[in-house]
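Structure, as structure tokens:
Each reported figure results from applying straightforward, stated rules to the coordinates on display, with no laboratory input. All figures in this text were calculated on a predicted structure; none of them were measured in a lab. Glycine also receives a Cβ, built like all others from the backbone with ideal geometry; neighbour counts cover every protein chain displayed.
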2 protein chains.
Amino acid sequence: MNERDIIECLNSQNVAGKPGLLYGIGDDCAVIEKDTDRSWLVSMDTLIETVHFDLRWHPAEKLGRKAVAVNVSDIAAMGGTPLFIFLSLGLPKAFDPSWVHGFSEGIAGACREYGCLLVGGDTVHSPEGVMITVTVIGDVPVGEVIYRNGALPGDIIWVSGELGLAAAGLEICKSDIVYDTASMRAIVEAHLNPQPRVRLGRMLAKSGLVHAMMDLSDGLATDLSHLCKQSGVGAVIGSEKLPTSPDLFDTASLLRQNPFDLMLKGGEDYELVFVTATDAAPKIKALSEKAGVSVTKIGTIVEKQGVSLILPDSASKKQKEVNISFAGFDHFPSK
Amino acid sequence: MNERDIIECLNSQNVAGKPGLLYGIGDDCAVIEKDTDRSWLVSMDTLIETVHFDLRWHPAEKLGRKAVAVNVSDIAAMGGTPLFIFLSLGLPKAFDPSWVHGFSEGIAGACREYGCLLVGGDTVHSPEGVMITVTVIGDVPVGEVIYRNGALPGDIIWVSGELGLAAAGLEICKSDIVYDTASMRAIVEAHLNPQPRVRLGRMLAKSGLVHAMMDLSDGLATDLSHLCKQSGVGAVIGSEKLPTSPDLFDTASLLRQNPFDLMLKGGEDYELVFVTATDAAPKIKALSEKAGVSVTKIGTIVEKQGVSLILPDSASKKQKEVNISFAGFDHFPSK
């Protein structure tokens, strides 16, 4: 029974719908009718010590920020504005009050930055390590919600920012490498303190140009596969088009990791992947400049199901196409 | 640093408020503006294996029901109707799929019973045991939200149902007692499968007669102390007026427990405690009959802060008054 089976089992006994529910399980957020002008977006994410974070290298304040950020990113992914946060915090019997102070500062700092407010939750004893569950409520004008299921063949696929840095940062933390350069500290920071694209997501939704969008939490290969599956289409992306920092290649080399694994399978980038018609490109570029966040064309939506990666083949000097649907941990090509 | 300190620390950095927020931290739910007619109520509760439940005696289906029930009870406590549920489920690596099926049936069954729907959440690996966090969203007509802070000196204090059964049920489960009688099974059921008072809560809120209300999750002594503190008043309750099942006394005797400890400090009753003017009594009684849930007058709101219990004193043949504010685990009188 994998994660998908568990979700299907939980969902299987659900009745068909409910007045006021615009969209339930299956996108970044549930969408609920608010009034004639606006809809609510609601999402919930859990971070568990040893599974999602390691307190040996994750400072309390940055963990507080990240707990808010990963939830706010789901609101950004549907084009909304975060408003209210609920926090359930599980702490072991022996906890350090100064840790709670730092964590609270992180929660409050991220809330201020993204314009939301902590308004409720729960505190409990945890038998083993810290557990953090956040529920976020955001809103969005009716008609501006961007779902995952609207991609059309011929659409351009875009991603914001740079890929693979968070995954490389985690690998640095797990290694014995001393990260004393500015570039390596920036890569570690991408893991410790991700920046959800709230402003860009809102501007994209408002533009009316985006057919489908989601945030990158599980890695581009898996997340783009979800978007394609829900849209009933496929995608072809180019390995040479994937945006990242030049420092990623040096770091990957130091870590003896494949940089494309980090970019495609790494996860936790909290960037946006979205699709538009080809003629929207100039407006998207202008909007990206206004938001102060780079966006890059990485490929095209196609009719044929699945997500393919185009790689240069040094042996044949031609290109080769590899299926990377749903991360393809077993099938993923080594460099 | 106790639970209250943690909450204060988390809340201390919060800005004062936010448009759309009617009430934040400090009541059973946060209250958020929906439209001109209705408000949202939102609450979040976590249940953790070994802290809140024990799978040796808690069947999966009843645990699923209870995870919904304890959240829905917070909506009932403010007079609302539950609508949507979000579930974060943490499972250890080795879990039994049939357990997930049973748990899902419990979630779905309780949702059907209380008229709400599971619409989102998260599934994660847990390093140690099952972890369940539920967020519930309900709604209530504007002007019918019942807060904790409206109690007035002279008001009657009421509780619904019977007290102490859930605590006695837990003690039976923890003991070696074989519970083979109908009455003991009913007491154990009160622990495994509590029944939040959604219909009664809604009818009380609609009546306009209730000055303050909350649900009983931490035990009457603590919960009534919260209600009094937030209302700036005190309470005097009579030990002989506390409603319970005659079976509680037999069970308490078998368990070598003080039945008043179970009724006042036990917790998890998920009954409602509420206060009204004295002249509202006949209407409250009629409404209770219509809802099919008993309600009992247990005391009076007074100006003097603190919660006092009136006990018969067999030695002096007079009554004695004991302060039981906030459970008073250290100060609580033995029988």
For region A:83-235, what is the convex hull (Cα atoms) projected area averaged across all directions, in square nanometres? 12.0 nm²
On alpha-carbon atoms, Rg over Rh for region B:1-117 using Kirkwood Rh? 1.03
Using square roots of five times the C-alpha gyration tensor eigenvalues, list the equivalent-ellipsoid semi-axes of chain A in whole Å, biggest first. 30, 27, 19
Sort largest first and round to whole Å: the equivalent ellipsoid semi-axes of region A:174-323, each the square root of five times a Cα gyration tensor eigenvalue. 26, 22, 14
Run the reach check for B:K174 against aspartates and glutamates, Cα to Cα strictly under 16 Å, same-chain hits fewer than 8 apart removed. What comes back? B:E49, B:D54, B:E189, B:E268
Computed [θ] at 222 nm, helices only, for chain B once each DSSP H run of length n ≥ 4 contributes -39500 (n - 2.57): -11000 deg cm²/dmol
Ranked by Cβ crowding within 10 angstrom, fewest neighbours first, how are A:W158, A:W57 ordered? A:W57, A:W158
Apply the Karplus parameterisation 6.51 cos²θ - 1.76 cosθ + 1.60, with θ equal to phi minus 60°, to every residue of region A:50-65 and state each ³J(HN,Hα) to the nearest whole Hz, in sequence, with x for glycine and proline. 6, 8, 10, 7, 10, 5, 5, 10, 9, x, 3, 5, 6, 5, x, 4
Report the Cα centroid-to-centroid distance between region A:152-199 and region A:61-114 in angstrom, as an integer. 19 Å
Over all pairs of different Cα atoms in region A:58-123, the reciprocal of the mean inverse distance gives a Kirkwood radius in Å of 12.2 Å
How large, in Å, is region B:273-312 by the Kirkwood hydrodynamic radius built from its alpha-carbon pairs? 12.0 Å
Treating the point 7 Å from Cα along Cα-beta-carbon as the label, what are the nm separations from B:E189 to the other copies, to one decimal? 6.0
Can you tell me which of A:P243, A:P127, A:P194 moves the most in a GNM of chain A? Springs connect C-alpha atoms under 10 Å apart. A:P127
Based only on other Cβ atoms within 10 Å, what is the fewest-to-most ordering of B:D139, B:D74, A:D5, A:D250? A:D5, A:D250, B:D139, B:D74
Under 11 Å, Cβ to Cβ, from B:V51 - net charge with Lys/Arg +1 and Asp/Glu -1: -3
What lysines could a cross-link reach from B:K241, if we take a straight Cα to Cα line under 24 Å and drop same-chain neighbours fewer than 8 places away? B:K229, B:K265, B:K283, B:K285, B:K290, B:K297, B:K304, B:K317, B:K318, B:K320, B:K335
Name the residues whose placed amide hydrogens come within less than 5 Å of the amide hydrogen of A:Y147, ignoring near sequence neighbours (fewer than 5 apart) on the same chain. A:M213
If the convex hull is drawn through the Cα atoms of the protein assembly as shown, its volume per residue in Å³: 162 Å³
What list of ³J(HN,Hα) couplings, whole Hz, do you get for region B:154-170 from phi and the Karplus terms 6.51, -1.76, 1.60, once you set θ to phi - 60° and write x for glycine and proline? x, 5, 7, 9, 10, 10, 8, x, 10, 9, x, 5, 4, 5, 5, x, 4
Please order B:D247, A:D279, A:D122, B:D155 by the number of other Cβ within 10 Å, starting at the fewest. A:D279, B:D247, A:D122, B:D155
Distances from B:M1 to the same residue in each other copy, label points 7 Å out along Cα→Cβ, in nm, shortest first? 3.6
Whole-Hz Karplus ³J(HN,Hα) for region A:171-177, in order, using 6.51 cos²θ - 1.76 cosθ + 1.60 and θ = phi - 60°, x for Gly and Pro? 5, 4, 4, 6, 8, 8, 5
Considering only the label points, 7 Å along Cα→Cβ from Cα, what distances in nm to one decimal separate B:R256 from the same position in each other copy, shortest first? 6.2
Dimensionless Rg ratio for region A:115-154, taking C-alpha atoms and the 2.2 N^0.38 Å reference: 1.98
Out of A:N193, A:N11, A:N258, any idea which swings most in a Gaussian network model of chain A, alpha carbons joined below 10 Å? A:N11
Rel. contact order, % - alpha carbon contacts under 8 angstrom, at least six apart, chain A: 20 percent
